[in-house]
Structures are given as C-alpha cells and as structure tokens.
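A.B. asks: Let me begin by handing over the structure; questions about it come next.
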Amino acid sequence: MENAEQKESSHRIQPVLRASLFGGFQLFAMDGSEVTISNRRARAILAMLCLVPEESLDRSYLSKLLWPGRFEAQARASLRQCLLDIGKIFRSMDCDLLDVSRSRVSLNASAVQTDLTDLECALGDENYSDANEMLSSIGAKPLLDQMNLGEAFDEWLRLHRHETEQRMQVGVAAALSALKNNNNLTDHARLLNAWSVRSAVPNPISDRKRGKIRIAVLPFKSVAKPDDQGFFADGIVDELITTIGQMPNMLVAGRTSSFQFKNSDKNPSEIASTLNVSYLLEGSVQRQEEHVRIDVGLTDTETGFELWSYSYEGSLDDIFAARANVTQAITNGLSEALNLQEHKPQPRPLTTDREAYGLYMQGRALTIRAIGDGVLPTAIELLEKALALDPEFAECWTALAEAEINMTVYTPCLDRLERSEKAAGYAKKALSLSPQQAHARIVLAFYAWTQNDIVGALDLAFEAYRLEPNNPDVLNRVGSFLLYCGRTRDALPYIEASIDQDPVNGRSYAILTGVHLNLGNVDAAIAAGQRMVDLGFPSMWLAAALAVSGDNDAAVETHQLTKKLLNTVIFPPAGSSPMDADAMDAYWLMAAKGLWGGEDQDRKNYCMVLEMLHATLHDPCDATITLPAIWMGDAPMVFKTLGKQITTANFFSFMSLWTDAEPINQVRLHPDFMDFAERIGMVAAWEKYGWPDLLPKPTTMN
C-alpha cells in the first residue's frame, strides 16, 4: 500500500494542463490545444476544483448540488459515471488529475496551472509587471462565467467568487502599499489602473437593502406667487433626495416615483405602500415676496404619527445662501429621530447665483419631462441662460448635456450625431468642474455607444455606479447596458434594484420586460409589460411578450394600443411628414401584423416597408427601422442599420436582440452576426465583461 510520503512524491509533477477561470471555463494542454469536456456537469466539477484547488469536495454534496431534484441514489450514480468519464479523458493524456475516494473528490493541484493562481503568485512574488499584464487581460470578466446549473450551484459560485475577489483585493492592496512605500509611482499607477477596471464592477446582491431604512421625500407644497411654479420647492426636494441618498443606512425612493405624487390626494399609507417605504418626509415652502418659511415633517407610515419636524424662516437670499446648512440640519434631525449616526453629506457644487439657480431648476424640470412640443428646446434655452450667468455651474452643464441627449432620443431631430457630440462636450465640462458627477458619466457613456466604443460605455456606467450606488437612474443604466450586450443574468439585479427604489418609473418596466423575455420567463415578462402599460408607457414590449407566449392575436391588438397610449406625442421620423389619421391606422395595423401576427406574408410585407423606409428616411438607421428589424429577425436590415451607425435613439434596440425565440433569434444565428458584433465594438465588450448568456465564447478565441 502506498504510504503518505510516496503519494505526496507521486503528485509532485510538472503541470500538464492550464485552466482559464476568468470568463468561460476552459482547459488547455500545455501545447495550447483545448481539452474538450462536452459534459457540462463534468466541466462544472473540474471548474469547482480548479477554483478551490486546496479543498476536497464531498461526493454526497456534489451529487445534490449538480443533480438537484433527483433521488439520492440516482444522483450519486450520475456523479459516479461523470467521474469515470473525466478519468478516461485524462488517463489518455497520462494525467493523474483527480483523487477520488468513496466520500471525497479532490484535485491534484500540481497538475493544473490556472490564470487565477498565476495572478496571485505574481502579486505575492512582487512580479508587478506580470500582475499588471494579467489584470489587464482578465478585465472585468466574471469567474466561471456562463455556468448555470440551478440555484444551489449559483449560490456556491456566488460565495466562492466573493471569497476569491476579496482575496485578490487583499493581494492588490498589499502590492500597492509596497509600491508606494518604495516610491515606485509608475508601477503603482499602472497596477491601480488595471485593478480599477475589475473593482469598478460591483455586483448588487439580494441583501443590499438589509438594515437600511426606506424613506421617500415627497414634493413639497409651494405656497407662493402663481408665476413661481414651485421650482424653489422642487430644488429643496432634489437636494434632500441626493443628500439622504448619501446616508449609509438610508435607501431613498427615486425622484421619478416621488414626483408622481405631486399634488396627489392619496393618503400617506397608500403612497408608502406604492413606494415601498416606511417613512415619508413631507414639507412646504411658503413665500411672501422675499420672505420664506420652510416646514418639514417625518411621518412613520405604519403608525401615522409624525416623529420629527423642522422649520426655517428667513429672506430668500438668506435661505438660498444657507441651503447646505438647511439640508444638513434636516439630515441631522432624521438621524436623531431614527437613531442613526449623524452623517456629513458631500456638498453639491451648486451655484451661488439665485437667478441662475432658478433658470436651472426650470430647465431641469423640463429636461426630465422630455416629451411634449417645444419642451426640450425650452429646457436648453433656460439652461444656457443659467450658464451665461454662472459658467462654473457644474450641475447645470450636466443638465444641459442630458437635455441635448434627450433631444436626440425623444424628438425627430435631424442632427442627432452633432447633438450627441455636443452633449459629450458639456458632460466633460461638468466633470472638469466637479469630477464626482455620476450623470455626466452616463451622458458620456451614451456618446461612447455612438462611437462603437461599447467597452468605454460600460466602463463609464460602472464608474458612475461606484460613485452613486444607490441612484436608481444609474442602476437602470448599468443594467440596461449589460442587457444590450447580452449579459442578461448580470443585468437583472441592477434593474430589480432600480425598480425597488423607483417603482413608478415605467421605463424600468420596459427594460424588465426585456430581461425576463431574454431569460425565458415569459409570464414575468408579461406582468412587467402590463405594469409598464398601466403606468402609461408604450405597449410594444408587452406585445412582444404576448407573441413569445403564443398569443399572436393579443400581441397584434396590444401593439396597436401603442398608438393610443402615445396619442399626440407620436413624432414622425426625422425629415418625414406626419401621416393623416387613416394612414396612421393602416400603418400601425400592418406593423402589428408583420411583427406579431405569425403569418409569413405579413412579415415579408412589413420587411419590404422597412426597406422603403431605409431608402427614403433622412435617418436610415432610425429606431422605427432597427427595432422592428430585430423583432422580425431581419438580420440584413439589422446589420446595415445598427452596423452602420448606432445612435442614442436606436441603441436601446439591442435589448431585444437576445430573446431566444423565433424569429428574433435569426439575427443572432445569422452567419454574419459575429462580423457585425466585431464591427460595432460588441466583441471587445464581451472580451472584457464576459460573453453573452446565449453566446458561449468561441474556442478559437483566447
């Protein structure tokens, strides 16, 4: 019988295999040829052991983890056969890879070299040049990506990913400290930049809300002159939402949802239930000429009692100058009333010019509203006037950038690319004045999409998330961008977190409908689509969900309802004339049948219309072409529109690209799809952030 010393000696061999753990799991022989493991559970066993090479795994636990739902005897038999299959593969390579006993399975770690152990060794050995190169190569790719074997396996993987990332962070922190102490600032900067790519991709987990107090700041009542329009009161609410959102133990409802209840006659209990909060912060602003009084109260929605109140009186100039002090006093009062530690908020770089601030608030309100004849041009005019008064007003530059982006999305403008570039310039100006602005980075991310720099767009979105992890708008954008790239499973927690915090924002439910469709959760997609419609948003994505469910008649009818929901805000594509009522009815019916009727001829007819639109519209890449083309699986049209020019008005079409249903999937399955993805910068994004759920990384790519 082999003694322990002989067994240890037999295992001291040179590695014969190399494993890639970052991104999709891959095994290679040392000559670079890939070792094909077709059985996905066998791949999972090998991947688990490579991730924890010093641990042995219990066979009973493995059988339950990888074959959930089977009887114990069946699961153990399946595991036994799986281990036999693995043994056959590696015996042919003269590789003693696994140690298998009656109760445990472990890896002969010396036989396998992994990219993870290489990185950890490079950091530990102070080989910072190699560590930089490795970190740059792995980017933000998740460990053991695209391994989906049920909830129990997902939980095991989540925990071990977290442990591994923590261990890597400790190693990088030690390396950075050593480099700084040695005054090696060049390698310090390189390592910090390489690590920032990975550390900037947090994963919102299900317990992000645990221990946090949920609160909504409702629009303050404004008692003032009729021409005041409540902009001063809205400004106070805006500042409070931002400031309370910085408090570590508070989760504040998003502005979009809170402002749904402006002048509402609903009682506090109904509002709290809709917003899923436990406390409401309400108030009023009373103005008489230049004298102002602010009253604020905190209500416990369960008991209906007011827990705390605050008042401030003074001239308008006094209060305007003391805004930061007023906000600090309110947050201190909240902390005391709710038994929280006092928090000093990061001051916002707002203007000291009262007139500029008033113009900014009016322009920003119109920017958020977005839809309506003349709304956005008026917003831009107001914001430009504000900046003429105070050119150093950072948040006003961001608001102007957002207004220009909204012009390209919500109006049939003829200069989308020029306006997008202008918006990017404004966002850069905002960041030069105030580098912590998250929304300015989101504007730059929009622009990056138009330049086929999808990697840059994701980098900017995650940097915005790092700065404002509790901002529902930022959460929405991170989730949306991941969804557009096919990373649907990664997108879901961000979108759910955004909706949890901003539950009356219809746009988020459109994204959620797309997420559930892409995951195959059709009933959940229909429910999200119906919620979107209930909030007054277009019903096209609900139609898509109904069609995927097989209810084509309901899908056709629902798609036509979009015209009624949009009513007078339907704009014709840029450069075209409005249709009369009869022509519009005929067009919507033809479109609905072509998209969702299920008849080949109807689909062909609508594809011909898209060809005509592509040839005649001022913008041949308009969303009225790109989105239907994806839904009908018209791959050539997708490639010659989105493949030619992504705009801020059409790039949301990508969210529907990843629905695994006929005929949508014909785009993804087309032989030219990978060339298209390469051309627009999508492949580069996959290489850094992980490959799409429906598209495993080709084995020819390293």
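The values are calculated or read from the model by the stated rules, or taken from the named source; none is laboratory data. Just so it is clear, the structure is predicted and the values come from calculations on it, not from any experiment. Positions of Cβ are generated from backbone atoms using ideal geometry, with glycine treated the same way; all protein chains shown enter the neighbour counts. These accessible areas exclude ligands, DNA and RNA; they are computed on the full protein's heavy atoms, side chains included. Shrake-Rupley method; radii C 1.70, N 1.55, O 1.52, S 1.80 Å.
A.B. asks: Which one of GLY486, GLY479 is surrounded by 23 or more Cβ atoms within 10 Å (Cβ to Cβ) and in a loop (DSSP other than H, G, I, E, B)?
C.D. replies: GLY486
A.B. asks: A further question follows. Identify all residues within segment 139-178 that are within 21 Å of the chain's Cα centre (by Cα), over 16 Å from ARG43 (Cβ atoms) and of a type outside the set (D, E, K, R); write none if there are none.
C.D. replies: Answer for segment 139-178, where residues must be within 21 Å of the chain's Cα centre (by Cα), over 16 Å from ARG43 (Cβ atoms) and of a type outside the set (D, E, K, R): GLY139, ALA140, HIS162.
A.B. asks: Any chance you could count how many residues in segment 582-639 are touching a Leu at 6+ places or on another chain (Cβ under 7 Å) and more than 23 Å from THR659 (Cβ to Cβ)?
C.D. replies: Count: 1.
A.B. asks: Looking at segment 29-56, I want the residues that are in a loop (DSSP other than H, G, I, E, B) and have a partner that is open to solvent by 70 Å² or more (accessible area, probe 1.4 Å) with Cβ atoms under 7 Å, at least 6 apart or on another chain. Which pairs are those?
C.D. replies: MET30/ARG18
A.B. asks: Let me ask something else about it. In segment 609-626, what residues are in contact with a helix residue (DSSP H, G or I) (Cβ under 6 Å, 6 or more places away or on another chain) and surrounded by 23 or more Cβ atoms within 10 Å (Cβ to Cβ)?
C.D. replies: Of everything in segment 609-626, those that are in contact with a helix residue (DSSP H, G or I) (Cβ under 6 Å, 6 or more places away or on another chain) and surrounded by 23 or more Cβ atoms within 10 Å (Cβ to Cβ) turn out to be ILE625, THR626.
A.B. asks: Based on what the data block shows, is THR114 out of contact with any Lys or Arg (no Cβ under 8 Å at 6 or more places or on another chain), of a type in the set (Val, Ile, Thr), touching a residue at least 60 places away in the same chain (Cβ under 8 Å) and within 30 Å of LEU65 (Cβ to Cβ)?
C.D. replies: Working: out of contact with any Lys or Arg (no Cβ under 8 Å at 6 or more places or on another chain): no; of a type in the set (Val, Ile, Thr): yes; touching a residue at least 60 places away in the same chain (Cβ under 8 Å): yes; within 30 Å of LEU65 (Cβ to Cβ): yes.
No.
A.B. asks: When segment 171-188 is examined, which residues are found to be surrounded by 12 or more Cβ atoms within 10 Å (Cβ to Cβ) and either part of a loop (DSSP other than H, G, I, E, B) or out of contact with any Lys or Arg (no Cβ under 6 Å at 6 or more places or on another chain) (or both)?
C.D. replies: GLY171, VAL172, ALA173, ALA174, ALA175, LEU176, ALA178, LEU179, LYS180, ASN184, ASP187 - these are the residues of segment 171-188 that are surrounded by 12 or more Cβ atoms within 10 Å (Cβ to Cβ) and either part of a loop (DSSP other than H, G, I, E, B) or out of contact with any Lys or Arg (no Cβ under 6 Å at 6 or more places or on another chain) (or both).
A.B. asks: Filter segment 38-73 down to residues that are open to solvent by 10 Å² or more (accessible area, probe 1.4 Å) and over 19 Å from GLY150 (Cα atoms) and give me whichever is nearest to the chain's Cα centre (by Cα).
C.D. replies: Of everything passing the filter in segment 38-73, VAL52 is nearest to the chain's Cα centre (by Cα).
A.B. asks: Then there is this: Got a sec? Which of GLU468, GLU418, GLU463 is over 19 Å from the mean Cα position of the chain (by Cα) and either within 30 Å of ALA525 (Cβ to Cβ) or acidic (Asp, Glu) (or both)?
C.D. replies: Among GLU468, GLU418, GLU463, only GLU418 is over 19 Å from the mean Cα position of the chain (by Cα) and either within 30 Å of ALA525 (Cβ to Cβ) or acidic (Asp, Glu) (or both).
This table checks each residue for (1) out of contact with any Pro (no Cβ under 9 Å at 6 or more places or on another chain); (2) farther than 26 Å from CYS485 by Cα.
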{"position": "THR117", "(1), (2)": "no, yes"}
{"position": "GLU120", "(1), (2)": "yes, yes"}
{"position": "GLY124", "(1), (2)": "yes, yes"}
{"position": "ASP130", "(1), (2)": "yes, yes"}
{"position": "ALA140", "(1), (2)": "yes, no"}
{"position": "ARG158", "(1), (2)": "yes, no"}
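A.B. asks: Follow-up. Among the residues of segment 142-159, write down those that are out of contact with any helix residue (DSSP H, G or I) (no Cβ under 6 Å at 6 or more places or on another chain), in a helix (DSSP H, G or I) and surrounded by 15 or more Cβ atoms within 10 Å (Cβ to Cβ).
C.D. replies: Across segment 142-159, the qualifying residues are TRP156, LEU157.
A.B. asks: Filter segment 543-576 down to residues that are open to solvent by 60 Å² or more (accessible area, probe 1.4 Å), outside any helix (DSSP H, G or I) and at pLDDT 65 or above, then give me how many there are.
C.D. replies: Total meeting the criteria: 1.
A.B. asks: Condition first: more than 30 Å from CYS413 (Cβ to Cβ) and of a type outside the set (Gly, Ala, Ser). Can you find one or more residues in segment 612-635 that meet it? Give the steps one after another, and end with the answer.
C.D. replies: Of segment 612-635, the ones more than 30 Å from CYS413 (Cβ to Cβ) are none.
Scanning segment 612-635, I find no residue that is more than 30 Å from CYS413 (Cβ to Cβ) and of a type outside the set (Gly, Ala, Ser), so the answer is no.
A.B. asks: Here is a follow-up. Scan segment 272-312 residue by residue and report those that are outside any strand (DSSP E or B) and of a type in the set (S, T, N, Q).
C.D. replies: Residues satisfying the conditions are SER273, THR274, ASN276, SER278, THR301, THR303.
A.B. asks: Look through segment 447-476, keep the residues that are within 16 Å of THR648 (Cα to Cα) and of a type in the set (Gly, Ala, Ser), and return whichever of them is surrounded by the fewest Cβ atoms within 10 Å (Cβ to Cβ).
C.D. replies: It comes out as GLY456.
A.B. asks: Among what's in segment 130-139 and is within 15 Å of SER20 (Cβ to Cβ) and aliphatic (A, V, I, L, M), pick the residue that is most open to solvent (accessible area, probe 1.4 Å).
C.D. replies: Per the stated criteria, the residue is MET134.
To keep it simple, each residue is scored yes or no on (1) assigned to a loop (DSSP other than H, G, I, E, B); (2) open to solvent by 30 Å² or more (accessible area, probe 1.4 Å).
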residue: ILE89; (1), (2): no, yes
residue: CYS95; (1), (2): yes, no
residue: ASP99; (1), (2): no, yes
residue: ARG102; (1), (2): yes, yes
residue: VAL105; (1), (2): no, no
residue: SER110; (1), (2): no, yes
residue: GLN113; (1), (2): no, yes
residue: THR117; (1), (2): no, yes
residue: CYS121; (1), (2): no, yes
